[in-house]
Every structure is written in C-alpha cells, then in structure tokens.
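Here is the structure we will look at.
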Amino acid sequence: MTDTEDPEETVDPEDADETDSAPPSPSEVTLLLGAWSQGDSDALNRLMPQVYNELRKVAQRNMNLEENSTLQATALVNEAYMRFVDMDVVFNDRVHFFAVAAGLMRRILVDRARRRRAKKRGGGERAVVLEDVSAGTRPADDLLSLDQALSSLAKKDPRKARVLELRLFGGLTIDETCKAMDLSHASVERDLKTAKAWVMQRLKSEPSKG
C-alpha cells in the first residue's frame, strides 16, 4: 500500500455529510464519551459519525504542516480511530477528546515520516509549513525536526509544549486550550508566545537537512 492509498474505511464519510449534517451538541458527545469510558464498546462506533467532520478538520490541519502531503484526511482519521479502539482513557468532555486526537495524529504523521526516512535514507522528509508557529518564517523545517523541537521543549516545560501542540496540531481555540489545560486565557497566550519563540529558535539553530 502506498501513502496515497486509503486503508479500508473504518468510518463512513456518508454518515457525516459535511454540508448537510448539523454538528452534534457538546453534551451529546460528552455522553457518548462517558459511555465509552465506562466500557460501552459500541459507544465509540456511535461517537465517530458524530465527530467525523471535526476530526477531518484536525486531520487536514495536521497534514497542512507538511508541504505536498500525500496522505488523505480520511486515512488519517481512520488510523486515529484504530488507535482510539486500543486506548484506555477516561475522557472528560469533547475538548479533551479532540486534544487527545491531536496528539494521536501528530504521532501517526511522525511515525510515517520516520518510516519514509528509513526507507529513503534521508530523502523522505517533507518541509513543514510553520505559519501558525511564527508568521513570516521560512517553511523549510521538516516534520521530524518540529516533533523533536516540541519533544525537547516538553522536557523543559511540558505545559508550554502541550499548549503549542494543541494549537498547532489540534487547532483548538484559545478558549478550548484554556479548558483542556485548565489555564487562564492570559496563561495560554503567554505560554503559546514563549513556546513559539523557543521552537522557532530551536529549528533555526539546526543545520539544514537539504
């Protein structure tokens, strides 16, 4: 299977028409998450069509971090779904769910990038688009470098790294990030600004991989 091929559909896109279906209420999603966390294995199957459109947006945002990405959004959502099946997590609410989804998709894309690099001996990296990290900076850093920079930041300051991950990979709003992290609006904005600056400095200091 090539990177452009989608795996067997796990979630039917027709069950979540992007133009015709109204988004589910946060309370409805929270109820299904609660049922799933309490052992109702079918709750995840009922949940996925409800959140499919939003997960596709998260997936597309993640793929936009790679220029010329060949992965399809549906494939990324489906791979995240398969990882959700094996998870043992108690989700607090919808925001928590999408925060976890952001982290899952980051790991999926990084794993794929590592496999490409291993196969091509350094020729498989793709340039990362970092306009959301720092407007006007050059989009010349690869996804693995970004992941490594975030991981390094996490060792020094886990909170700031998580705030940036939620905004960059998950597309959470400032308010949603506040809720997910249990932080004030000012704290999130401050952490985000500091994390962006730290990551950009780290990326600029790395030698070019071209």
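Read-outs: derived from the displayed coordinates by stated rules, not from any lab. Just so it is clear, the structure is predicted and the values come from calculations on it, not from any experiment. FYI the Cβ positions are ideal-geometry reconstructions off the backbone, even for glycines, and counts take in every protein chain you see.
In a fully extended conformation the segment linking Gln60 and Thr194 would gain 45.7 nm over its present Cα-Cα distance, using 0.36 nm per residue.
How far, in nm, would the chain grow between Ser25 and Asp86 when pulled straight, counting 0.36 nm per residue and subtracting the alpha carbon separation?
Values: separation 61, 0.36 × 61 = 21.96 nm, distance 2.56 nm.
Here the answer is 19.4 nm.
Suppose R0 equals 25 Å. What FRET efficiency, 1/(1 + (r/R0)^6) with r the Cβ-Cβ distance, do Ala154 and Leu44 give to the nearest 0.05? Intermediate values should be presented prior to the final figure.
On the way: r = 28 Å, r/R0 = 1.12.
Calculated value: 0.35.
Using 0.36 nm per residue of separation minus the Cα-Cα distance, give me the extension gain between Ser187 and Ala118 in nm, one decimal.
Values: separation 69, 0.36 × 69 = 24.84 nm, distance 3.94 nm.
Computed gain between Ser187 and Ala118 is 20.9 nm.
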